[in-house]
Amino acid sequence: METAVVHIKKGGARSLKAGGAWIYDNEIEAISGSFENGDLVSVEDFDGYPLGLGFINTKSKITVRMLSR
């Protein structure tokens, strides 16, 4: 099974790169692929740079909680 990819807006990954573990809904540009809440997703910066894996929940303001980098 292929994981969905969360694409972060330009400038939206600053806190993540500084060690933060959360991605808020307003920092997400797009989500490609299919997923269900609770699934693991890949996270990429606006330019396609991989940032790690996280759990997604679109019903929370904290949409992705990072698991690894």
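The values are calculated or read from the model by the stated rules, or taken from the named source; none is laboratory data. All figures in this text were calculated on a predicted structure; none of them were measured in a lab. Please note: Cβ atoms are built from the backbone with ideal geometry, for glycine as well, and neighbour counts cover all protein chains shown. The protein model used for the area step is the full one, side chains on, heavy atoms only, and it has no ligands, DNA or RNA in it. Shrake-Rupley method; radii C 1.70, N 1.55, O 1.52, S 1.80 Å.
Candidates in segment 1-58 are the residues that are of a type in the set (K, R) and within 18 Å of R69 (Cβ to Cβ); of these, the one that is modelled with the lowest pLDDT is K17.
When Y24 is tested against the conditions (1) touching a residue at least 24 places away in the same chain (Cβ under 8 Å); (2) farther than 14 Å from V5 by Cβ; (3) more than 9 Å from the chain's Cα centre (by Cα); (4) open to solvent by 30 Å² or more (accessible area, probe 1.4 Å), the lone failure is (3). Scanning segment 40-69 for residues that are buried (at least 18 other Cβ atoms within 10 Å of the Cβ) and over 21 Å from K10 (Cβ atoms) yields a total of 0.
Only residues that are modelled with pLDDT under 95 and of a type in the set (D, E, K, R) were counted in segment 59-69, giving 1. Note on segment 11-21: residues that are touching a residue at least 40 places away in the same chain (Cβ under 8 Å) and open to solvent by 30 Å² or more (accessible area, probe 1.4 Å) amount to 1.
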